[in-house]
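Visitor: Take this structure, written in structure tokens, and hold onto it; I'll ask about it next.
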Ligand code: ADP
Ligand code: MG
């Protein structure tokens, strides 16, 4: 049986601890029969025939049926990667890209980064000469279009997890449809875990006829083929809460404990909303279950997890033990976990919602859809009949949960989307052929912000060079603008460090019960100007400690996050240099740093309410009520004018990563945007 003969030892970067990852490290042998048992294998010939004869093939199949790991291999075996061509397979999530790429490399018995490689933002594990199968995020493929608009090096592009309807997937689908008209030899595979295939198919068949006819005689059929790869999931017995649950973290942990006490062996997969929930639940469970510790292997799974921890999640559970995996919705469809028999579903996930009227993008914990709930439950029936425990009532599931989620396109801030389309020469954004149309208000708001950033001109075309430069830097346009502005202010070194920190989730190491120590640690680095300047202090400390994990540990700083920051920083410096930005430090002059931040984030300016005793701020643009997040070093300090990086909503709207500014910088940064509003805010 593969997976048991040659354990690989992975050294944890914290030093010392050794984990066993029982995956065979070099040979692809032994995978052949495993591969042939997957549902996709029965359809191998059909898939290859359809791809040969149709421009677009839609493959629907349950999670675990072999879509992601097998189809790219079938294509390669059938010769689609010969003659220097490549097969691309996109995923909405970075962690899924890394994980499926290494699985496929392992099955093929090749070294990851050679024949099989992957690319995610800030990490390129491919070899231009050798790589034939490339896994990448949908966002990275969009970026590749800037250099190669027809994606000419790919013979087949598989857009995977299309049911997720991520923003980048939808933009990609719209653009691929255009590319197909110019490249009839290109093949698309759209794969998805749920049956939303029809609307996808009609999107691809509704071609805009040019001169009233379509050339059907030659080349592949234009109407997409739909293929369903039957899974063979086992039945899953459902359990609901009798009453609504108030604290789903506690409820999840006690459900896990009773499963462990009462049910047969088999791994447990718990769906929570994010890293903070997951850390809290793991802590609770380890406190509660120290007696049973011998038998439980408790593991987190979320994006941004260090490599060694990811490997643990996928390695087979040792005999006599039970794995408990606390995951975000990444385990819903993008990753296959073998051995899961019990699923606990909290009923929520973290989702972004953007309101163009208030111009606020909220990251909120929101109820999932019925479609998601079914997917989550399905994870319990992979190896044998399973059980799913829903931490909500059946009545709620039936009557209140919405059937499907809303495509990200219709609930996102579209600033990045618009700038990418503009950079690809799509001028008529409103008339673009979208799989799901975004709201015109959101598009207009995005155009307005980009105009104020100096990225678009009066004709809504990218400005030269600023607009093209902003589009070129692989970060949010507001962050790109901040980096460009730092050149004028002579503080690019500092601002690039800030941009790198803003690209990772959090540099602090938080866990339940150590809040006080964390707060004390933060005070050691806290800067009166705000979080951005505090980041600079942390980064300096990290460098002075020679990037020591020990130092991080002592200061409640997340070592893995800091290493990532350091890497991203190097890459951003290279991009900046390519764009002609002079790498220069302002040697401690924090005013210029704050001005550069303002140049990018002026749209997020807020003023403290004059008579507020509880730290109430209002946004300048739309008079929305916001507060400084308790994790900010400016919490309770409450300077009069601030700019935030993002908003999270729980009981209130909280600003995360806040810096104090001088209001006169706003009119300097964006005269059009603020006009006369600053001192006469719109009444509301
Ligand atoms: P799909 O894309 O249809 O959801 P995948 O191609 O991801 O399915 O997975 C197919 C099968 O490959 C799974 O059922 C599982 O048996 C195996 N598999 C995939 N990834 C891993 C992994 N990291 N470790 C062990 N087995 C895996
Ligand atoms: Mg898949």
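Every number here is computed from the coordinates shown, using simple stated rules; none is lab data. Note that the coordinates shown come from a computational prediction; the quantities given were computed from them, not determined experimentally. Note that each Cβ is placed from the backbone with ideal geometry, even for glycine, and that neighbours are counted across all protein chains shown.
Visitor: Taking the alpha-carbon centroid of each part, what is the distance from the range 454-531 to the range 562-618 in angstrom?
Guide: 5 Å
Visitor: What whole number of Å gives the distance from the Cα centroid of the range 259-333 to the Cα centroid of the range 367-411?
Guide: 20 Å
Visitor: Continuing with this model, one more query. Fewest Cβ neighbours within 10 Å first, please rank 636, 379, 221 accordingly.
Guide: Result, fewest neighbours first: 636, 221, 379.
Visitor: Moving to a separate point now. Could you calculate the FRET efficiency of residue 404 with residue 577 from 1/(1 + (r/R0)^6), where r is the beta carbon distance between them and R0 is 51 Å, rounded to 0.05?
Guide: The calculated FRET efficiency here is 0.65.
Visitor: Give me the number: length gained by fully extending residue 221 to residue 460, i.e. 0.36 nm times residue separation minus the C-alpha to C-alpha distance, one decimal in nm.
Guide: Using 0.36 nm per residue and subtracting the Cα-Cα distance, I get 82.4 nm.
Visitor: A further question follows. To make sure I understand, if each residue's beta carbon is the centre and we count other beta carbons within 10 Å, what order do 665, 551 fall in, fewest to most?
Guide: Result, fewest neighbours first: 551, 665.
Visitor: Next question, about the same structure. Return the FRET efficiency for the residue pair residue 664, residue 625: r is the Cβ-Cβ distance, R0 is 41 Å, and the value is rounded to the nearest 0.05.
Guide: For R0 = 41 Å, the calculated efficiency reads 0.95.
Visitor: Would you kindly state how much longer the chain becomes between residue 649 and residue 286 on full extension, computed as 0.36 nm times their sequence separation minus their alpha carbon distance, in nm to one decimal?
Guide: Extra length available between residue 649 and residue 286 comes to 127.8 nm.
Visitor: Ranked highest first by average number of other Cβ atoms within 10 Å, how do 466-476, 575-585 line up?
Guide: So the order, starting with the most tightly packed, is 466-476, 575-585.
Visitor: What ranking of 506, 65, 631 emerges when the number of other C-beta atoms within 10 Å of each C-beta is taken as an exposure proxy, fewest first?
Guide: With the sparsest Cβ surroundings first, the list reads 506, 631, 65.
Visitor: Could you work out how far apart the two model spin labels at residue 228 and residue 243 are, taking each label as a point 7 Å from the Cα in the direction of the beta carbon, and quote it in nm?
Guide: Calculated label separation equals 4.2 nm.
Visitor: Separation between the residue 309 and residue 150 pseudo-spin-labels, each 7 Å from Cα along Cα→Cβ, expressed in nm?
Guide: Distance between label points: 4.5 nm.
Visitor: Arranged from highest to lowest average of other beta-carbon atoms within 10 Å per residue, in what order do the peptides 357-365, 535-543 appear?
Guide: Going by the mean number of other Cβ atoms within 10 Å, highest first, we get 535-543, 357-365.
Visitor: Cα centroids of the range 419-446 and the range 236-252: how far apart, whole angstrom?
Guide: First find each Cα centre; the distance between them is then 41 Å.
Visitor: Please figure out what share of the DSSP beta bridges in the chain is antiparallel and state it in percent, rounded to the nearest 5.
Guide: Counting only bridges with both partners in the chain, antiparallel ones make up about 35 percent.
Visitor: Label residue 441 and residue 488 with points 7 Å out from Cα along Cα→Cβ: what is the distance between them in nm?
Guide: 3.2 nm
Visitor: Zone of residue 523 (label point 7 Å along Cα→Cβ, backbone N under 18 Å): which residues in the range 618-648?
Guide: 630-638
Visitor: Sequence gap at least 6, Cα distance under 8 Å: using those rules, report the relative contact order of the range 535-673 to the nearest whole percent.
Guide: After rounding, I find 17 percent.
Visitor: How much length, in nm to one decimal, is gained on full extension between residue 394 and residue 124, taken as 0.36 nm per residue of separation minus their Cα-Cα distance?
Guide: Full extension of this stretch gives 92.7 nm more.
Visitor: Pairs of Cα atoms under 8 Å, at least six residues apart: use those to get the relative contact order of the chain, whole percent.
Guide: It rounds to 11 percent for the chain.
Visitor: Moving on. Within the range 537-552, name every residue whose backbone N is under 14 Å away from a label modeled 7 Å from Cα of residue 585 along the Cβ vector.
Guide: Counting only backbone N, you get 537-546.
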